[in-house]
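Asks: I am attaching a structure below and will ask some questions about it afterwards.
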Amino acid sequence: MNTLPPPTDPLLQPVGDPRARDLVLDYADVHALVADLVLPGDASMYVMSAMETSRELIRHLYYRYEFVTVAVTHSLFALERVLAEALAATGRRRGAGACRAFVVCTAPES
């Protein structure tokens, strides 16, 4: 199901997604929204790439709102990598202890 209105321009100029209007009024507002998302200079290339992809997907939410969910997914990939790098830097191994702590913290309450 396509939720976007049909294009009015015969050259098929992009049409803003009406669902994005809750966040931004126009495409210029999106640039202001992502302006404060600065990448740390000491981040690994993987983290910088994932965060840059996330930022660009947020930038395009004006045209397709679903890009926000993909942007969040990419930022979580970056967060996971940062945490893994931090654990490696402290000399800890990823093992059963970390998995147990994750399961305990995410287990639904009974």
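Since every read-out is calculated from the coordinates, none of them should be taken as a lab result. Treat the numbers as computed from the prediction; the structure is a model and nothing was measured. All Cβ positions, even for glycine, are placed from backbone atoms using ideal geometry, and neighbour counts span all protein chains on display.
Asks: Ranked highest first by the average count of other Cβ atoms within 10 Å around their residues, in what order do 17-23, 53-59 fall?
Replies: 53-59, 17-23
Asks: Per residue of the range 63-70, in order, report the coupling 6.51 cos²θ - 1.76 cosθ + 1.60 (Karplus, θ = phi - 60°) as ³J(HN,Hα) in whole Hz, putting x for Gly and Pro.
Replies: 8, 8, 4, 4, 4, 5, 5, 5
Asks: Direction-averaged shadow area of the convex hull around the Cα atoms of the range 5-90, nm²? It would help to have the intermediate numbers written out before the result.
Replies: Working: hull surface 26.9 nm².
The directionally averaged projection comes out at 6.7 nm².
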